[in-house]
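Below is one structure, written out as structure tokens, with a few remarks after it.
The values are calculated or read from the model by the stated rules, or taken from the named source; none is laboratory data. Keep in mind it's a predicted model, so treat the numbers as computed, not measured. Here the Cβ positions follow ideal geometry from the backbone for every residue, glycine too, while neighbour counts run over all protein chains shown. Remember, those area values only see protein heavy atoms, side chains included, never the ligands or the DNA or RNA. Shrake-Rupley method; radii C 1.70, N 1.55, O 1.52, S 1.80 Å.
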Number of protein chains: 2
Amino acid sequence: MDERESSPLVTLDALRPVTPPRNLTREVVDRLQAEITGGNLKPGSRLPTEQAMMAAMGVSRTVIREAVAALRAEGLVLTRQGVGAFVAPDVLQRPFRIDPETMGSLGEIVHVMELRTGVEVEAAGLAAERASAPEKKRMEHALKAIDRSIKRGEQAVDQDFAFHFAIAEATHNPQFIRFLEFLGSFIIPRQSVRAAHTEPAGQRSYLETIQGEHDRIFAAIRDGKPGDARIAMHAHLMRSRERYSRLAAELARR
Amino acid sequence: MDERESSPLVTLDALRPVTPPRNLTREVVDRLQAEITGGNLKPGSRLPTEQAMMAAMGVSRTVIREAVAALRAEGLVLTRQGVGAFVAPDVLQRPFRIDPETMGSLGEIVHVMELRTGVEVEAAGLAAERASAPEKKRMEHALKAIDRSIKRGEQAVDQDFAFHFAIAEATHNPQFIRFLEFLGSFIIPRQSVRAAHTEPAGQRSYLETIQGEHDRIFAAIRDGKPGDARIAMHAHLMRSRERYSRLAAELARR
DNA sequence: ACTTGTCATGTTGTACGATGAGCATACATC
DNA sequence: GATGTATGCTCATCGTACAACATGACAAGT
């Protein structure tokens, strides 16, 4: 019996990356955050002074200050020079996040696409009400850029996004622009999955079908028909969603 | 002519809270963040050393360290003692935030409501496709709770939200639930403005009108009609938006 | 009585020096 | 080639000092 084969250090469980240790700043952030979210430190209330926290936690002022800077960046705390640090009044207003880890699952991608559908349908309706002539021109240019990309045998990913972005801009509502930018971070995995499952000839036909849908969306916006724009955008995004729903179902069967 | 009446300091425009100055840490955070989100500092790439940044920006190491702590808290940067600070690999996947400061403006409230419209319209359509019998029951109970609150002379704020929340749950998509929770943080100012501008008798009539709209939404969902659900929800939220658009226009004229 | 000015005290913001801890690389040894 | 050691670099923490800001108390003026 070889000794090395029974050593626990040779098992796969041990041979994985070592997690870096937490530093003191992280520890202080977590403690203060727990006090805030746990309700012991109410919105608007004043945190202990730096000196008091130093004494109570046994760390230097640097660690306290860096922790407060971190909490400030997270929007949990406001500081006023000469006065003190305070729990932010709107502390419960946390950001909306999509965990990138969940985007590895096709089912989760579909969920995000459903959310996107709602936002983009409403954007199309608002754009039809509000788009200026230059903004309509921009959409038209974006459509032409998609055409050119398809002719070159490319997938028109960036150009596709630019078209949708132009619609968001035409809403004259910065929240739509920002939300689409936010969602833009999560579009890439979708595109790569598309590339992986479509043959070149079928892919071009597919892209041209999508471009037809784009044309219908644009026509409704150009002609100032919000209802038509919504319907066209909804149909366009519904088709993409169905494709991914089918993929998700196939993978679930494996 | 009294001198004080012509002094510019007596006008309402000057007599508002003075914005505290940005500190150096904030300045450094914004600069580094711009480099990261602007693409000059790629995910995984190493930031300049603390000494280099001190020299380049003309600030002390304290300011640099506090800025890096803030960026770390926002997930943009990872630090390794002895090695350096690095742009986080998944840096482009940022949270979606609504700045609470902007919610003091009625125009911005309308923007957020427009975004919410898109999400809730799609949620209503999906709920009509997917709601189970218990979930429909939950919506029905929520409607009854609104009725009871109105009869008591209350504004049914929480009950109203519960009805919309039940719809989001019936989508079987956690992103809708999470987004509505996220938006829930911003609903309160809307409710308070509503209270300030409606007389008691008109308010009850208004709430009953809204409840009629809720009934139409619920009927479409219960009967499994996604198109009708979307139209009813859109009409419901459009009316709220128009009210606030009118308020914003009135305030702009003052 | 009310308003303005001054001063003392407290608190955050910034800067700097020092030491320790962790990491990567270079070089020596086997 | 593998292992051990030394060195230099960089972040983490601590401590001191001064600047800037804010608040409250008290005095002086009207």
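B:Leu47 passes all but one of (1) surrounded by 12 or more Cβ atoms within 10 Å (Cβ to Cβ); (2) more than 14 Å from B:Phe86 (Cα to Cα); which number fails?
(2)
Kindly indicate which of B:Glu120, B:Glu66, B:Glu108, B:Glu74 is buried (at least 22 other Cβ atoms within 10 Å of the Cβ), at the interface with chain A (Cβ under 9 Å from one of its Cβ atoms) and either closer than 30 Å to A:Glu169 by Cβ or modelled with pLDDT under 90 (or both). Before the answer, list the steps.
Values: B:Glu66 fails: either closer than 30 Å to A:Glu169 by Cβ or modelled with pLDDT under 90 (or both); B:Glu108 fails: buried (at least 22 other Cβ atoms within 10 Å of the Cβ); B:Glu74 fails: buried (at least 22 other Cβ atoms within 10 Å of the Cβ).
Matching residue, one of B:Glu120, B:Glu66, B:Glu108, B:Glu74: B:Glu120.
Please work out if A:Gly39 is touching a residue at least 12 places away in the same chain (Cβ under 8 Å), part of a loop (DSSP other than H, G, I, E, B), more than 9 Å from DNA strand C (Cβ to nearest atom) and not hydroxyl-bearing (Ser, Thr, Tyr).
Values: touching a residue at least 12 places away in the same chain (Cβ under 8 Å): no; part of a loop (DSSP other than H, G, I, E, B): yes; more than 9 Å from DNA strand C (Cβ to nearest atom): yes; not hydroxyl-bearing (Ser, Thr, Tyr): yes.
Spelling it out, it is not the case that A:Gly39 is touching a residue at least 12 places away in the same chain (Cβ under 8 Å), part of a loop (DSSP other than H, G, I, E, B), more than 9 Å from DNA strand C (Cβ to nearest atom) and not hydroxyl-bearing (Ser, Thr, Tyr).
So A:Phe218 fits all but one of (1) at pLDDT 85 or above; (2) within 14 Å of chain B (Cβ to nearest Cβ); what number is the exception?
(2)
This table checks each residue for (1) modelled with pLDDT of 75 or more; (2) buried (at least 17 other Cβ atoms within 10 Å of the Cβ); (3) within 18 Å of the chain's Cα centre (by Cα); (4) not basic (Lys, Arg).
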| site | (1), (2), (3), (4) |
| --- | --- |
| A:Gly125 | yes, yes, no, yes |
| A:His141 | yes, no, no, yes |
| A:Glu154 | yes, no, no, yes |
| A:Glu199 | no, no, no, yes |
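So if I check each of A:Ala123, A:Ala128, which one is in contact (Cβ under 8 Å) with a residue 40 or more places away in the chain, touching a Phe, Trp or Tyr at 6+ places or on another chain (Cβ under 9 Å) and under 27 Å from B:Leu180 (Cα atoms)?
Working: A:Ala128 fails: touching a Phe, Trp or Tyr at 6+ places or on another chain (Cβ under 9 Å).
Every option except A:Ala123 fails the conditions.
Could you count how many residues in segment A:50-63 are within 11 Å of DNA strand C (Cβ to nearest atom) and surrounded by 11 or more Cβ atoms within 10 Å (Cβ to Cβ)?
Going through segment A:50-63, the residues within 11 Å of DNA strand C (Cβ to nearest atom) turn out to be A:50-54, A:60-62.
The next check asks that each one be surrounded by 11 or more Cβ atoms within 10 Å (Cβ to Cβ); those that pass are A:50, A:52-54, A:60-62.
Here the count works out to 7.
Considering only segment B:14-30, how many residues are out of contact with any helix residue (DSSP H, G or I) (no Cβ under 7 Å at 6 or more places or on another chain) and over 19 Å from A:Leu71 (Cα atoms)? Walk me through it before giving the result.
As a first pass, look at segment B:14-30 and keep what is out of contact with any helix residue (DSSP H, G or I) (no Cβ under 7 Å at 6 or more places or on another chain): B:15-23, B:26-27, B:30.
Narrowing the set further to residues that are over 19 Å from A:Leu71 (Cα atoms) leaves B:15-19.
Total satisfying the criteria: 5.
Check off (1) farther than 22 Å from B:Asp223 by Cα; (2) in contact with a helix residue (DSSP H, G or I) (Cβ under 8 Å, 6 or more places away or on another chain); (3) assigned to a helix (DSSP H, G or I) for B:Asp160 and give me the number that stays unchecked.
Failing condition for B:Asp160: (1).
For segment B:109-157, which positions are closer than 12 Å to B:Arg222 by Cα and either not in a helix (DSSP H, G or I) or not assigned by TED's automatic domain parsing to the domain that holds B:Asp215 (or both)?
B:Ala131, B:Ser132
Of all residues in segment B:80-95 being open to solvent by 50 Å² or more (accessible area, probe 1.4 Å) and more than 8 Å from chain A (Cβ to nearest Cβ), which is farthest from DNA strand D (Cβ to nearest atom)?
The selected residue is B:Pro89.
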